Amino acid sequence: MIFAGTVITAVFAQRAFRQYPSVEYGESIPLPPDWKQPAEWTFARLMFPPGPLDGYRGRFDGPWQEGLSLWTQDYPRADRGFADAVRRLTLVRARSVEQPVSLDDGDEVYNWPWLYAVQVGEWGLTQAEAKKLRDYLLRGGFLWPTTVTEPKSRPILRTP
């Protein structure tokens, strides 16, 4: 009974789905017909500020919290394609749409046990964001970082 209450609370505590424009597709990706259906697993994508190596500087300089930034590389097409593969190839009920997650949104990141981050070699996490991400990982969260372009000797996440 306690477990069921915890699961229900966690589901209802999550932020509602939100969609942002991406660097490749703008806002032209239509939502799947079943996008509102609840599921067991969701492709959660980490939103983050650009860092000093921002490859989009000069092309997309708006607020990173509104999309059109490094974190929207291949978004949302890749996210939905991955979720679709999980649905087709496993018994996991995966949500058909992704969930962008910002480390600046209170404790929202802890509602998503699996988190994807693209272009992490170019991110510009603040100390507070890096600390929260480290805590997320220490609590058992899973991070799948991709497109690391920095030398192997430099850690992608530094916290005091």
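Per residue, the Cα convex hull of the stretch 39-145 amounts to 99 Å³. Scalar couplings 3J(HN,Hα) for the stretch 46-53, obtained by applying the Karplus form with A = 6.51, B = -1.76, C = 1.60 to θ = phi - 60°, are 6, 8, 7, x, x, x, x, 9 Hz; x denotes Gly and Pro. Taken along the Cα-to-beta-carbon direction at a fixed 7 Å, the label points for Leu31 and Asp105 span 1.4 nm. Charge tally for Pro49 (other residues, Cβ to Cβ under 10 Å; Lys, Arg +1; Asp, Glu -1): -3. Each other residue within a Cβ distance under 11 Å of Val118 adds +1 if Lys or Arg and -1 if Asp or Glu, for a net charge of -2.
Less than 5 angstrom separates the built amide H of Ala117 from those of Leu46, Trp144, Thr146, all sequence-distant by 5 or more or on a different chain.
Every number in this text was worked out from the coordinates using simple rules, so none of it is lab data. Remember, predicted model here, so these are calculated numbers, not experimental data. Quick reminder, even Gly has a Cβ in these numbers, built from the backbone with ideal geometry, and neighbours come from all protein chains shown.
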